[in-house]
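Novice: Quick one: structure below, then a few questions.
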Amino acid sequence: PFHLAHHVTLATYWQRSGVHDLGIPFVLGPVGGGVSTPWPLLRELGPGGLLSDVVRLVTQRVWELRPSVRATMSAAAVVLAQNPETSKRIRTRGMVLVAPNGVSAAITEWERPGERTRDLIVVGRMIPYKGGALAVRAFARADAPGSRLLFIGDGPERARLESLVASLGLRDRVVFEGRIPRSEVLERMGSAAALLHPALHDDSPLTVAEALSIGTPVICLDRGGPPVICSLWPDVESHIVEIGSRSAIMSGLVEAVERAVGAPAEPAPKPLAPERSFGDQLLNAYAVATKET
């Protein structure tokens with residue numbers, strides 16, 4: 001006796017769902033997985049990261065052709081896609097709505113820090129596609145005296161990043177803090193000049209929403225979920241770098257870094273809400289699903 005079913009996935013558009021067998025309207029998602037590394041930046045992945053990316057891409061393309069997956073997508077009344085790239089991979093008779101669930105990570109309560117520093121902060125797992133090496137190279141080329149690059153998090157990519165930092169002579173300006181308590185992460189994020197998030201492919205990163213909700217500018221590539229999330233906080237300055245040649249991307253990142261540290265924004269006096277909450281987008285999807293069917 002249900003009017004609607006919602007299958008909340010593990011963010012992979014290329015998986016089946018048995019919910020469509022119930023014969024009632026169903027919403028699928030948010031799904032991701034449709035974002036790929038820009039060709040000019042493939043070498044940023046390193047050998048291991050490149051192999052992982054190739055395996056991931058081949059797996060997706062094969063699995064999305066399975067009859068059970070195609071039946072799932074076709075039968076969905078509404079599919080929530082985390083980003084525009086994923087929405088283009090979805091084949092359905094229903095409606096596709098771009099709704100990044102990362103927005104739900106917005107901070108609602110926090111203690112405002114003092115003045116902003118000229119530091120840049122990178123937060124998250126240290127894995128190849130997060131673009132840590134790209135962040136280091138852009139920071140090395142930027143004219144940003146008195147600034148530091150702070151890495152918060154850990155992972156298998158750390159050794160490669162530390163080696164890169166040493167080769168560029170940046171040991172005194174790049175700090176690897178490892179994993180620290182969440183309260184300290186937010187404190188550093190709130191006082192940083194910008195969150196540097198040059199992920200090569202990222203579906204709906206939570207850290208981008210966290211930064212924007214406390215007024216910290218974001219530097220990211222025009223790829224996947226980050227620019228969509230940035231658009232929901234129009235009052236917070238974001239630096240979205242267009243995808244072009246490798247040299248053009250690097251120049252865009254360097255310029256964004258220099259702008260961010262050159263004139264740090266004032267800290268937000270209170271948490272900033274997105275223009276649309278993820279909850280509102282879910283309710284909209286439910287309304288569309290029940291109306292359409």
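The values are calculated or read from the model by the stated rules, or taken from the named source; none is laboratory data. Everything numeric here is computed off the predicted structure, so don't read it as measured data. Positions of Cβ are generated from backbone atoms using ideal geometry, with glycine treated the same way; all protein chains shown enter the neighbour counts. With ligands, DNA and RNA removed, areas are computed over all heavy atoms of the protein, side chains included. Shrake-Rupley method; radii C 1.70, N 1.55, O 1.52, S 1.80 Å.
Novice: Express the carbon and sulfur contribution to the solvent-accessible surface of segment 250-293 as a percent, rounded to the nearest whole number, probe 1.4 angstrom.
Specialist: Details: 1330 of 2520 Å².
That share works out to 53 percent.
Novice: So how compact is segment 78-182: Cα radius of gyration and Dmax in angstrom?
Specialist: 18.3, 56
Novice: Could you tell me which helices of the chain pass both thresholds, a Cα extent of 15 Å or more along their own axis and a mean Kyte-Doolittle hydropathy of at least 0.5, with helices taken as whole DSSP H runs?
Specialist: Answer set is 246-262.
Novice: Could you please state how large a percent of the accessible area of segment 52-189 is carbon and sulfur, counting protein chains only and using a 1.4 Å probe? Display every interim value, and only then the final one.
Specialist: Details: 3600 of 6920 Å².
Ligands and nucleic acids excluded, carbon and sulfur reach 52 percent.
Novice: Further, regarding this structure: Using alpha-carbon pairs under 8 Å, 6+ residues apart, how would you state the relative contact order of segment 1-135 in percent?
Specialist: 25
Novice: Which order do you get for I240, I24 if you rank them by accessible area with a 1.4 Å probe, largest at the top?
Specialist: Largest accessible area first, the list is I240, I24.
Novice: How high is the relative contact order of the chain, in percent, with contacts defined as C-alpha pairs under 8 Å that are six or more residues apart?
Specialist: 22
Novice: Subtracting the Cα-Cα distance from 0.36 nm times the residue separation, let me have the gained length for H6 to V19 in nm, one decimal.
Specialist: On the way: separation 13, 0.36 × 13 = 4.68 nm, distance 0.80 nm.
Length difference between fully extended and current span is 3.9 nm.
Novice: Next up: Which FRET efficiency value, to the nearest 0.05, is calculated for D222 and E111 with the Förster distance at 35 angstrom and r the Cβ-Cβ distance?
Specialist: Here the calculated transfer efficiency is 0.60.
Novice: Post the alpha-carbon centroid distance, segment 155-199 to segment 108-135, in whole angstrom.
Specialist: That distance is 7 Å.
Novice: Right, here's the next one. Only four residue types carry charge here, +1 at the Cβ of Lys and Arg and -1 at the Cβ of Asp and Glu. Report the dipole size of the chain about the Cα centre in Debye, rounded to the nearest 20. Show your work: numbers first, answer last.
Specialist: Numbers: 31 positive and 30 negative charges, 194 e Å.
For this selection, approximately 920 debye.
Novice: For the chain, what is the convex hull (Cα atoms) projected area averaged across all directions, in square nanometres?
Specialist: On the way: hull surface 62.5 nm².
Quarter of the Cα hull surface area: 15.6 nm².
Novice: Once fully extended, how much extra length lies between T59 and R179, figured as 0.36 nm per residue of separation less the alpha-carbon to alpha-carbon distance?
Specialist: Contour length minus Cα-Cα distance gives 40.1 nm.
Novice: If Rh is defined by the Kirkwood formula over all Cα pairs and Rg also comes from Cα, what ratio Rg/Rh do you get for segment 120-205?
Specialist: 0.93
Novice: So, one more: What dipole magnitude, in Debye to the nearest 20, does segment 1-119 give about its Cα centre under +1 on Lys/Arg Cβ and -1 on Asp/Glu Cβ? Display every interim value, and only then the final one.
Specialist: Numbers: 13 positive and 9 negative charges, 108 e Å.
So the magnitude is around 520 debye.
Novice: Return the lysines within reach of K88: Cα separation strictly under 24 angstrom, same-chain partners fewer than 8 residues apart disregarded; answer none if there are no such residues.
Specialist: Those lysines meeting the cut-off are K130, K291.
Novice: Indicate the gyration tensor shape class of segment 195-280 (rounded, prolate or oblate), computed on the Cα atoms with a ≥ b ≥ c the square roots of the eigenvalues: a/c under 1.5 is rounded; otherwise a/b larger than b/c is prolate and the rest oblate.
Specialist: Oblate, because a/c is 1.5 or more while a/b does not exceed b/c.
Novice: Another question, if that's okay. Rank G131, A75, L164 by how far each Cα sits towards the positive end of the charge dipole of the chain (+1 on Lys, Arg Cβ; -1 on Asp, Glu Cβ) and give me just the farthest.
Specialist: Final value for the positive-end residue is A75.
Novice: Could you give the accessible area per residue of segment 2-123, probe 1.4 Å, as a whole number in Å²?
Specialist: Numbers: 6150 Å² over 122 residues.
Value for segment 2-123: 50 Å² per residue.
Novice: Please list 203-214, 94-105 highest first by mean number of surrounding beta-carbon atoms within 10 Å per residue. Before the final figure, lay out each step's value.
Specialist: Numbers: 203-214: 25.6, 94-105: 21.2.
In decreasing order of mean packing, 203-214, 94-105 become 203-214, 94-105.
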